[in-house]
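Notes for the one structure printed next.
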Amino acid sequence: MPVPETQLQFLYEITKSITDSFDLRESLSDVLSKLNRQLGMERSTITLFDPITETTRIEFAHGIPEEGKRKGFYKIGEGITGTVLKTGEPVIVPMIGKDSRFLDKTQSRTNIKTKKMSFICVPIKLSNKIIGTLGTDVPYKGTETLKNNVRLLDIVSSIIAQGVHLTRSVEEERNRLLNENIKLRQELEGKYHIEGIIGNSSKMQEVLELVRQVAKSNTTVMIRGGTGTGKELIAHAIHYNSPRRNHGFVKINCAALPENLLESELFGYEKGAFTGATRSRKGRFHQADKGTILLDEIGDMPLSLQSKLLRVLQFKEFEPLGSNETIKVDTRVLAATARNLEDDVKRGKFREDLYYRINVFPITIPPLHERKDDIILLADFFLEKYSRENEKNIHRISTPAIDMLISYHWPGNVRELESCLERAVLVCNEDVIRAEHLPPSLQTAPSTLTLNPSGRLLPRAVENLEREMILEALKSTHGHQGRAATTLGVTLRTLGYKIKNYGIDPKIYAGKAIH
């Protein structure tokens, strides 16, 4: 039987109500309102099944007060609604006052015995699974009219089922993304926790103390240090230990982009501002509003942009390219550089007023060769990291390899050390990193197993093995000599003598790196 044109228009409006809004309450309330106008009904309800309690409860209603709605819950098989839920088939009650199955739990119907009212209840199915019911009170107009109404309500219930599914899917995806966001934020906060930064040397402890002092403030920080010293890591630590940690942390390398692109990246642009600007775009400062921006390699910023940056620092405002609108932002600025800005100021390559504006709280990260005490801790961290990533079972670094790591001058600092350990893990096919696994650049010192002038290879090998065992024991006990002596099966006095004889410093193992 073809569907009348008026009903087609009605079904189109019902579908539009469902698809136009992700607010399930709003869309289903609108559906019931349209049903009321189409069928002339007095009351209607949508119940949704709860598999945990095994009951269906009125979630949306038209013509039923809130108090009555709260009473409208049904067990499977209870009343008309429970029967539909159980069988999955529509039920028609021609005269609700004459059918004992009709419970009127909501107590919202007056003169139920005398009024000629019918009740229709149809299942709401999703993939042949009953997820609820659609029920309505309509004036009795004969059996044929009731059957036509059932056909119409069946179609409406299918549309409602898709709307419920769509809304739940969106909600589940939203919750998944929120949980993922929370998890990632927790991982970042843990990763960049101040106590998680590896460094027990006195110079690194001074750096971390400065980070603790400045993190809670809004002060502009200048992070200085050579390439590969970990300036970005310190910037992360400042942000994720600050009150701004729940907002954006935005990074931009001032040396990586030409002047015109750098300006548009920093401050954004309006559609049509330049060739290729087919849409408006927010700049990095705008993206970092309420959060933090890291201006890496700030010493390479062109002079023409330095004046615009100075204005942002002084007045917290800027205009995007091609716009007359002034954007106000609350963005904390961290700057990083490996350059000697004082020399650049003298040569006119860096604005003096900008230098003083960003150099409010300088933090200088020492090069790796000045923090030798941290080399073994860092090497162990990178060894564990890349062994795990490459699914290798490498437990330690041999004594000759450690000697090479400590004696090397590390021009590339921590970044070079990390690359060195990554390579060593890749080429190593045993459970120990040995000297031959290190890059050629470290293969400059003579091997500790080379024959000495008196040809004493065996005693030398024994000494190396003994020294390596002592180092391993100190590592596993975090520098505690008493426990290390117990592990090795020697007296504390014997261990102390050998530590002194081999020039070992147990203090470098005293701290435990938090990964």
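The values are calculated or read from the model by the stated rules, or taken from the named source; none is laboratory data. The model shown is predicted, which means the values in this text are computed figures rather than measured ones. Every residue, glycine as well, gets a Cβ built from its backbone with ideal geometry; the counts of neighbours run over all protein chains shown.
Condition check ((1) surrounded by 18 or more Cβ atoms within 10 Å (Cβ to Cβ); (2) not aromatic (Phe, Trp, Tyr)) across all residues:
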| site | (1), (2) |
| --- | --- |
| LEU310 | no, yes |
| LYS316 | no, yes |
| GLU319 | no, yes |
| SER323 | no, yes |
| PHE350 | yes, no |
| TYR356 | no, no |
| PRO366 | yes, yes |
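Within the stretch 273-318, the set of residues being farther than 28 Å from ASN246 by Cβ and part of a loop (DSSP other than H, G, I, E, B) comprises ALA273, PHE274, THR275, GLY276, ALA277, THR278, ARG279, MET301, PRO302.
Of the residues that sit in the stretch 319-354 and are part of a loop (DSSP other than H, G, I, E, B) and of a type in the set (A, V, I, L, M, F, W, C), which one is nearest to ASN241 (Cα to Cα)? Quick ask: steps written out before the conclusion?
Taking the stretch 319-354 as the starting set, the residues that turn out to be part of a loop (DSSP other than H, G, I, E, B) are 319-320, 322-326, 329-331, 338-340, 347-351.
Then drop every residue that is not of a type in the set (A, V, I, L, M, F, W, C), which leaves 329, 338, 350.
Details: VAL329: 21, ALA338: 24, PHE350: 30 Å.
That would be VAL329.
Considering the conditions (1) in a loop (DSSP other than H, G, I, E, B); (2) closer than 19 Å to SER29 by Cα, LYS115 is excluded by exactly one of them, (2). Number of residues in the stretch 60-95 that are on the phi > 0 side of the Ramachandran plot and crowded, with 17+ Cβ neighbours inside 10 Å: the value is 2.
Taking the residues in the stretch 391-419 that are in a helix (DSSP H, G or I) and out of contact with any helix residue (DSSP H, G or I) (no Cβ under 7 Å at 6 or more places or on another chain) as candidates, determine which candidate is nearest to LYS231 (Cα to Cα). Checking each candidate, the answer is ARG415.
If a residue counts only when it is of a type in the set (S, T, N, Q) and modelled with pLDDT of 80 or more, which strands (runs of 3 or more DSSP E) contained entirely in the stretch 1-82 have at least 1 such residues?
Details: elements: 43-50, 55-62, 73-75.
By residue number, 43-50, 55-62.
Considering the conditions (1) modelled with pLDDT of 90 or more; (2) among the polar types (S, T, N, Q); (3) more than 29 Å from the chain's Cα centre (by Cα), SER419 is excluded by exactly one of them, (3).
Summed over the stretch 456-496, the residues that are surrounded by fewer than 16 Cβ atoms within 10 Å (Cβ to Cβ) and modelled with pLDDT of 85 or more give a count of 9.
Just checking, how many residues over the stretch 355-376 are among the basic types (Lys, Arg) and outside any loop (DSSP other than H, G, I, E, B)?
Residues flagged as among the basic types (Lys, Arg) and outside any loop (DSSP other than H, G, I, E, B) within the stretch 355-376 amount to 2.
Report whether or not THR53 is over 42 Å from the mean Cα position of the chain (by Cα), of a type in the set (Val, Ile, Thr) and loosely packed, with under 13 Cβ neighbours inside 10 Å. The answer is no for THR53. The residue list ILE252, ILE223 contains one member that is assigned by TED's automatic domain parsing to the domain that holds PHE318 and over 20 Å from HIS286 (Cα atoms), which is ILE223. Mind checking whether some residue in the stretch 347-356 is without any contact (Cβ under 8 Å) to a residue 24 or more places away in the chain and of a type in the set (Ser, Thr, Tyr)? Within the stretch 347-356, one or more residues are without any contact (Cβ under 8 Å) to a residue 24 or more places away in the chain and of a type in the set (Ser, Thr, Tyr). Filtering the stretch 378-390 to residues that are over 21 Å from HIS478 (Cβ atoms), part of a helix (DSSP H, G or I) and polar (S, T, N, Q) leaves nothing.
Only one of the numbered conditions (1) closer than 20 Å to VAL414 by Cβ; (2) among the hydrophobic types (A, V, I, L, M, F, W, C); (3) more than 21 Å from the chain's Cα centre (by Cα) is not met by LEU233, and that is (3).
In the set PHE285, PHE315, PHE249, PHE267, which member is under 30 Å from ARG347 (Cα atoms) and touching a His at 6+ places or on another chain (Cβ under 9 Å)? If you could, list the steps in order and put the result at the bottom.
Details: PHE285 fails: touching a His at 6+ places or on another chain (Cβ under 9 Å); PHE315 fails: touching a His at 6+ places or on another chain (Cβ under 9 Å); PHE249 fails: under 30 Å from ARG347 (Cα atoms).
Result of the check over PHE285, PHE315, PHE249, PHE267: PHE267.
Checking each residue in the stretch 248-283 for being farther than 25 Å from LEU233 by Cα, surrounded by 15 or more Cβ atoms within 10 Å (Cβ to Cβ) and of a type in the set (A, V, I, L, M) picks out ALA273, ALA277.
Every listed requirement among (1) touching a strand residue (DSSP E or B) at 6+ places or on another chain (Cβ under 7 Å); (2) modelled with pLDDT under 80 is met by GLU189 save one, (1).
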